[in-house]
Amino acid sequence: MKHFLCFLLLMTGLLQAHAQQQPDPAILRDPEIIKTFQSLPVQEGGRVKPLDTYARYLLLRLHGKQSISVDHPSLPGVTKLKATEWLLLTWFRPDIARDLPLFVVDNSQAVGEIGVDPKGLRDRYSWNEIVKGKEELVKRAQAYSEIPNDSRTGVQRNVIDLARNFFDFDAVSDFLTAARTDWKKEIAAILPPEASKDFTDAATLSVWDVAEKLGVLIRDHKLEALGQETSNKLLELFINTTLRPGKTLAFLPPDDLKNDTWMTVEQTITNLMRDGSLSEGDLRRSKGKDALYAASLNADTFKTAAKTFVDDVRTQAEKRGELKHVDREVSYYKADYFTYALVWYLLGFLVSFVGLVAPQTSWARWTARIAWVTLILALSYNVWGIVQRCIINERAPIATLYETIIFITASIGLVGLFVERVTRQGIGLVVTGFVGALGMFLSNRFMALDGQDTMPTLEAVLITNFWLATHVTCINIGYAGAMLGSIMSMVYVIYRLVARGDDVANVRRLITRITYGIVCFGLLFALVGTVLGGIWANDSWGRFWGWDPKENGALMIVLMGLIILHARLGGYIREIGLHALSLVLGAVTLFSWFGVNQLSIGLHSYGFTDGITLALNTGYSIKAIFILACLAFWWQERAEKKRAAA
């Protein structure tokens, strides 16, 4: 501890001596530095996560990607920055970070409205480009915020999002402003000589010295004696350089083990000013953040300072029992399981599809073997990624819409490979590869649209592993069955349109049997999951059923499944009718899965996601086209029977 305090004093001295210097941006990309900061635990939304995760989703929300392409004279030879590299550059060299094309704007008219020259229809703009229209951005964002969300145009939503992102980044880029500030110079410029003497007499003056002295003035009611204008200037300086940027990140696990909420620098400085003291650990870790800037002026010093600071925070987090999955989460994102799953699913689809060109040949047998290997690899990545998320979250695999996508994709993959194992026709391989690749792609797109951490802290009513593992899992397996049955019906329609030959009728009957079996499989899980949901609702909310939109959606799936089952058993529908109703079931499932969330009402609504409505309408339209094709087949068969009878 003694050595750490000496180190802080040394760093403070270095900061004063090198006030005009800036860190070399190459230091901020040193692999050792990056690795150290990636494992720094922080708390956001009530969850302790690595800084790497925080950086990834901040950049995703601002930029639309988890990395940023760069072309800057201060970064020679650098073409791309990963999330943590970008965040460190933003903290330590905001002058460079503000030049990078960061903010993604979907409609160029949004930047035109604030007086900034637009680029392409959907392009990216730097902070330095947007700051020219800052005043107009604030004015228009405030005006548009008063318009109900349902009545806002796309451009108005773009302006509001841009304003939020601009000021969020503004605060993040000011994170180390207090450490960069020459406090002696700033105080002397604001206070008269007789008042500034108490501040500037010391050999060095850090933000913490200013906070202590300013706190004394406030507690002793002496700040008013400086005059309204002077005290306002002093407080404005302190707020803009210290308190506002200090709100951006809670990375200080408190010494008080009973306090579950981690602190920001803004909170620790406020507590110091209010009470005149902080606990030894809280003060040490808070000062350690500012010491990082002084250390960053030298590569060797920076590595030592970064490790010392991060180890101090990690030690306290471990003492509180909040560190156990931080390193696993860093590894999880580095492994990028679902991107690898996407690649293997896509390869499996292409190989198996090629095999269908020449069925019942040695070529088809070899492509089937290769497809099996690639799809098993894809499914392994898919499932193992879900397992890792379960370990990190310490809960069942499904609690968010994003998690439903990756889980349902894995479920369809398992069922699809089982179908192929039984039928050996290649259809199961093609469907598994196509749906798997589509599911992984949609999960990435949804994550980008949502722009939020995909492993959030759950509401209290949801933190029940038994119900998450039973009701939610059963419901989502039901979704998987219904969606896969609908996709098999689409395969039926396509096959009926393009296939010719003596064996066509047999293959169509096979597809129909597979579809019927999958629909029954989905119905079973949807029914069990709905009943279990009612039991959970009775336990949590005191009622079994409340006609909530999500409950209604689940009931619609069950009723539609029962209609198909009874209509088939009763002989009311045959081949074409089964597939037409299976496609209807797919549309109903899309509504229950995603559509009800766009209503933004009900106890089950996970929140409105911008951009999903267009995708949903596209899905409904595709289903409608295939249903019309089924009606055309029915009309054609009916006409042929009439001609035969005549």
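The values are calculated or read from the model by the stated rules, or taken from the named source; none is laboratory data. Please read all numbers here as calculations on a predicted model, not as lab measurements. Don't worry about glycine lacking a Cβ; one is built from the backbone with ideal geometry, like all the others, and counts go over all protein chains shown.
Descriptive notes on the structure:
- Residue 149 at pLDDT 85 or above and not assigned by TED's automatic domain parsing to the domain that holds residue 449: no
- Within region 399-430, being of a type in the set (S, T, N, Q), closer than 23 Å to residue 385 by Cα and not in a helix (DSSP H, G or I) holds for one residue alone: 400.
- The combined condition, being at pLDDT 95 or above, assigned by TED's automatic domain parsing to the domain that holds residue 29 and either among the charged types (D, E, K, R) or not in a helix (DSSP H, G or I) (or both), is fulfilled by residue 81.
- The residue of region 568-579 that is nearest to the chain's Cα centre (by Cα), among those that are part of a helix (DSSP H, G or I) and without any contact (Cβ under 8 Å) to a residue 60 or more places away in the chain, is 577.
- Conditions (1) in contact with a strand residue (DSSP E or B) (Cβ under 8 Å, 6 or more places away or on another chain); (2) of a type in the set (Asp, Glu); (3) buried (at least 19 other Cβ atoms within 10 Å of the Cβ); number of the one not met by residue 403: (1)
- Residue 605 being assigned to a helix (DSSP H, G or I) and either within 28 Å of the chain's Cα centre (by Cα) or at pLDDT 95 or above (or both): no
- Listed by first and then second residue, the pairs with beta-carbon distance under 6 Å, at least 6 apart or on different chains, first residue in region 307-321 and more than 12 Å from residue 253 (Cβ to Cβ), second at pLDDT below 95 and small (Gly, Ala, Ser), are 309/288.
- Sole exception among (1) at pLDDT below 95; (2) surrounded by fewer than 17 Cβ atoms within 10 Å (Cβ to Cβ) for residue 305, by number: (2)
- Annotation: of all residues in region 267-300 being outside any helix (DSSP H, G or I) and more than 20 Å from residue 180 (Cα to Cα), the one that is modelled with the highest pLDDT is 279.
- Conditions (1) modelled with pLDDT of 85 or more; (2) acidic (Asp, Glu); (3) out of contact with any helix residue (DSSP H, G or I) (no Cβ under 6 Å at 6 or more places or on another chain); number of the one not met by residue 453: (3)
One line per residue, one yes/no per condition, for (1) more than 41 Å from the chain's Cα centre (by Cα); (2) part of a helix (DSSP H, G or I):
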{"residue": "196", "(1), (2)": "yes, yes"}
{"residue": "199", "(1), (2)": "yes, yes"}
{"residue": "210", "(1), (2)": "no, yes"}
{"residue": "217", "(1), (2)": "yes, yes"}
{"residue": "230", "(1), (2)": "yes, yes"}
{"residue": "234", "(1), (2)": "no, yes"}
{"residue": "239", "(1), (2)": "no, yes"}
{"residue": "246", "(1), (2)": "no, yes"}
{"residue": "256", "(1), (2)": "no, no"}
